[in-house]
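In what follows, a single structure is set out as structure tokens and then discussed.
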Amino acid sequence: MISFLLSAETAALLPAETASSGFTPVTVVYLIVIGILLLFSALISSSEVAFFALSPHEKDALKQEDSKNSKLARDLLEKPQELLASILIANNFVNVGIVILSSSLLSQLYPPTAGNETIHFILEVFIITLIILLIGEVIPKVYATKNSISIAKLMARPLTVVNTTPPISWLRSVLVNGTSIIHKYASKRGVRVSSDELEQALALTKEETTSEEEQKILEGIIKFGNTDVKQIMRSRMEVIALENDLTFDKVLETILEAGYSRIPVFENSFDNVIGILYVKDLLPHIDEAPSFDWKALIRKPFFVPENKKIDDLLKEFQVKKMHMAVIVDEYGGASGLATLEDVLEEIVGDITDEFDDEDLNFTKVDDDTYIFEGRTALVDLYKILEIDGKEFESNKGESDSIGGFIIEKAGRILKNKEFIRFGDYKLIVESSDKRRIKSVKVVFEEAN
């Protein structure tokens, strides 16, 4: 509509003989100028894609070149906001010029009359828009995506001139400064996004090319900050530790059987961990006599509370350059161990080495039935069943294992073949004694 009004005003200012249909010298000039402006629009549009589609490898290639254009391109890339603002302003100026001149030219070649208003409107709006889109936007940008580095070097000098030429430089400064003010105001307000909302967004934006492993890693990153150390630790019942009064030959025997590179050392009971023995510290003394004082090699332990978030633990591991932490409960007793590997596995999945036992502590009876050891950690249960475990986590108390969870819900140690139902699952005790639940059958009932 704006272009229609502009064309009407332009046609009114032209002499009567010029406004008549047919080619004239003025018409030829119009066509030449419009062609030049379309070329400018194409070059500017292609440069927008070229500069902002450069890969790290292509940017390194620009840094290694000593040509003037490469240096100018690097200078422009150092201030991307100013570069983008200059490109957008220049492109809009050129496109507006194309619209005005095209409308005026159309009015000369095909003057609007009482019977052709609709056709004239279609030609003026749709045809001109289509020409600008194809020649000035789409085709140049498609070409620039495949030739970004050559276009960037070609347009470096013209864009440097445009970037410093009024009134574009004035408008660029106003636009960039205004954007900075809006950004500061928006950052002060902030936006809080919960992990649940992030998970939903991740599910909605999942691409077909995203593999299942990549999806799990992304989900692990989202949940990372909300996971407590207690959820990933190895419980004290599963920890292999050394008493401080063992002889050196017994220590070596235990280390060989365990296959670990770091082993906690305690005095009297595991609640009193006094240090961590690094196997590499023992290597120079491997041939020492049984009376060798190996306790002199013990390193200071690193204690963390059960409710510490694993993202904070990872930062502390990095700062302290440590790989193992002793987890303590609210009473100061040691409840388990957590390693750097345990933390990373929450993101990338299980990490195995030559010492890991590949025999899993569960049996899959069919697609809906599993048998677990009672001491199986709940977090391992979630992984095997491929569930998020939110329902279990919100309903459990202090328990970390499937056996402990059943005892909490039932209020006692169930006998063999007794069961509880939780959500879509039937948890049947397969084996138990007076002290603990040894094995549990987990049956998914919704499918039955």
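For E124, are the conditions met, namely being among the acidic types (D, E) and more than 28 Å from T164 (Cα to Cα)? So E124 fits the description; yes.
Where helices (runs of 4 or more DSSP H) fall entirely within the stretch 11-84, those with at least 2 residues that are at pLDDT 85 or above are at 25-52. Somewhere in the stretch 128-141, is a residue under 46 Å from the mean Cα position of the chain (by Cα) and closer than 20 Å to K59 by Cα? The answer is yes, given that some residue of the stretch 128-141 is under 46 Å from the mean Cα position of the chain (by Cα) and closer than 20 Å to K59 by Cα. If the condition is being out of contact with any Pro (no Cβ under 9 Å at 6 or more places or on another chain) and surrounded by 19 or more Cβ atoms within 10 Å (Cβ to Cβ), then the stretch 232-251 contributes I232, M233, R236, V251.
Out of everything in the stretch 269-313 that is in a strand (DSSP E or B) and among the hydrophobic types (A, V, I, L, M, F, W, C), what residue ends up being farthest from L252 (Cα to Cα)? Checked the stretch 269-313; the qualifying residue farthest from L252 (Cα to Cα) is V304. Give me the pairs, please: first residue somewhere in the stretch 83-101 and free of Cβ contacts under 8 Å to residues at least 40 places away in the same chain, second residue anywhere and of a type outside the set (K, R), beta-carbon distance under 8 Å, and either six or more positions apart or on two chains. So the pair list comes out as L84/E48; L84/F52. The residue that is modelled with the lowest pLDDT, among those in the stretch 369-409 that are assigned to a helix (DSSP H, G or I) and among the β-branched types (V, I, T), is V379.
Out of the residues in the stretch 64-78 that are over 16 Å from A50 (Cβ atoms) and of a type in the set (K, R), which is surrounded by the most Cβ atoms within 10 Å (Cβ to Cβ)? Selected residue: K71.
The values are calculated or read from the model by the stated rules, or taken from the named source; none is laboratory data. Model, not experiment: these values are computed from the prediction. With ideal geometry, Cβ positions are generated from the backbone for all residues, glycine too; neighbour counts draw on all protein chains shown.
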